[in-house]
Each structure stands twice: as C-alpha cells, then as structure tokens.
1. So, in segment 159-180, exactly how many residues are of a type outside the set (V, I, T) and outside any strand (DSSP E or B)?
2. Return the total of residues in segment 5-38 being under 17 Å from I221 (Cα atoms) and in contact with a Leu (Cβ under 6 Å, 6 or more places away or on another chain).
3. If you take the residues of segment 92-131 that are farther than 28 Å from L61 by Cβ and of a type in the set (S, T, N, Q), which of them is surrounded by the fewest Cβ atoms within 10 Å (Cβ to Cβ)?
4. Condition first: free of Cβ contacts under 8 Å to residues at least 40 places away in the same chain, in contact with a Gly (Cβ under 8 Å, 6 or more places away or on another chain) and either surrounded by 14 or more Cβ atoms within 10 Å (Cβ to Cβ) or more than 26 Å from A101 (Cα to Cα) (or both). Now tell me which residues in segment 132-159 satisfy that.
5. Could you list, in sequence order, all residues of segment 180-192 that are touching an Asp or Glu at 6+ places or on another chain (Cβ under 7 Å) and either within 21 Å of A137 (Cβ to Cβ) or surrounded by 23 or more Cβ atoms within 10 Å (Cβ to Cβ) (or both)?
6. Can you tell me which of D220, D211 is on the phi < 0 side of the Ramachandran plot, in contact with a helix residue (DSSP H, G or I) (Cβ under 7 Å, 6 or more places away or on another chain) and of a type outside the set (S, T, N, Q)?
7. Here are some residues: V48, V56, V52. Which one is in a strand (DSSP E or B), in the same structural domain as G24 (by TED's automatic domain parsing) and at pLDDT 95 or above?
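The values are calculated or read from the model by the stated rules, or taken from the named source; none is laboratory data. A quick note: this is a predicted structure, and the numbers were derived from the prediction, not measured. Here the Cβ is made from the backbone with ideal geometry for all residues, glycine too, and neighbour counts use every protein chain on show.
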Amino acid sequence: MDVIEEFAPAGIQEKWDNSGLCIGSESADVTSVLIGLDCTPELVDEAVRTGVDMIVTHHPLIFSGLKRISPDDPTGEAVIRAIRAGISIYAAHTNADKVIAGVSGAMAARLGLGNTVILDEEEEGVGLGVIGDWPEAMPAEDAIRYVKEKFGLKYVRTSKPVDIPVKRVAVCGGSGSSLIEKARSKGAQLYLCGDISYHHFFTGHDFMLMDVGHYESERDIVEILFSLIKKKFPNFAVRITENSYSNPIYYF
C-alpha cells in the first residue's frame, strides 16, 4: 500500500471515491498480489485458486455503503468470497487518475502526445486529465483512424469531425464529461474520454469529442500498478490476472 500511495497518495482521491483498503487489515501478512482493473467474483476466484492473499485493482469493489451482502449480486458475491478466503482487497482509483503518470498520462503516452500537463490542475502536479500536442497536426479523419489504431478499437463514438487540423489533444480516463469545457478552454481541438452522453456531442466547428470507452481508456493502469510493485519488490510474487479483459460492455 505504501508503494502505491507514494505514487498516487490516497488523500488526493475524489471525495465520493472509496480508494484504499476495503477488505482486510493493514497488519495482515501478504505473500502474493493479483492485479486487475475490476474486482469481479471471477478475479477473487482466481486469487483463491492461485493462493493469492491480496488483490489490487483500479476500480474499488465497494463504492458506497452496502445495504445487504448477497451472492446474488456481483459485488456481494465478490465480498463474500474474499472474506471467506481471507483475501485483502485494495483499490487505487481516482488518486491514480490524478497523477500525470497515472491513467490519463498513460492515455497520452499511448497517443504519442508531447508537452503534456495536467488538464484540470487542483494543486501543483495533481489533477484530472492530461493535455498535450501531437508532433504534427493531422486531419480529423486521420486522427480518428489513429486513435482507433492506438486503442485497438473496432468502433468509436465521435462528434462531427472538425474541419481544421488536429494537433492539441486532451484526454481523461474513465467518465470525463465534466472536463469537456476545460478541454475546450485549454485549446484542445480533440478531447478523448469515456461515458459521453448524447447531448455533449453537439460541439462547435473547432472542437470535437471522442468516446473511446471507459474500460479502454483505463486499462493501462493495471500494468502501471504491476510495475510499481515489481520494481520495489523484485522477488515478490505479484502478477496480472489471467482474465485481464473485464469490460462489462459488449459490442455486436
């Protein structure tokens, strides 16, 4: 936990968030760690099967108070299985979103953006989203194809392509609709995030939105968390889940 929180301090998480240890004790002995994006019942089963005693994910298993814990509900089922097996569960969520080397920084790196800075800075070096520049401007249609290639997308939701070259690009992992106006005011011609609603796609001629998907925008954090722990504890048993694709959204 100390290694992760040195990278992404728990204190910078959003007020509504529940990052940190949600199951288990800080004093518990840990011999091995399993890392994934979402703490699903399947991930807990994998931890039990492989003898893992701590799970680290990006999305918290418990976001808010649970009124009941039932195996008929995926969250309740994961909680029951984890407690029964004595497995600790920890999440680095919006705190990992708000450091430039975290979720949004990984998106920017995937796109090859340079001159990157925090998009919505709260204090020095901390805040949501990242904005930067491509080395060369490109037409909107080329930008769409490039983003699809870099994120491995078959389909992408986008507003009307702009009729100007795209060079300045803003990104935010996960649900990023709240930063649309911030991206526009910072001079972005293109803003990428997930979970954009219908009415947000009505944009002007010099600004466009692209919804690359919530899961797709955040998946790189799994490798980042793995690398953090592995670098600090090179002989420690830490690995990424075998079932790394946990996207609950299906496309047909």
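1. Residues meeting the conditions: 9.
2. 3
3. Of everything passing the filter in segment 92-131, N115 is surrounded by the fewest Cβ atoms within 10 Å (Cβ to Cβ).
4. Keep residues of segment 132-159 that are free of Cβ contacts under 8 Å to residues at least 40 places away in the same chain, which gives 132-139, 141-142, 145-146, 148-149.
Pick out the ones that are also in contact with a Gly (Cβ under 8 Å, 6 or more places away or on another chain) and you get 132-135.
Result: G132, D133, W134.
5. Within segment 180-192, Q189 is the sole residue that qualifies.
6. Exactly one of D220, D211 is on the phi < 0 side of the Ramachandran plot, in contact with a helix residue (DSSP H, G or I) (Cβ under 7 Å, 6 or more places away or on another chain) and of a type outside the set (S, T, N, Q), namely D220.
7. Just one listed residue meets the conditions, V56.
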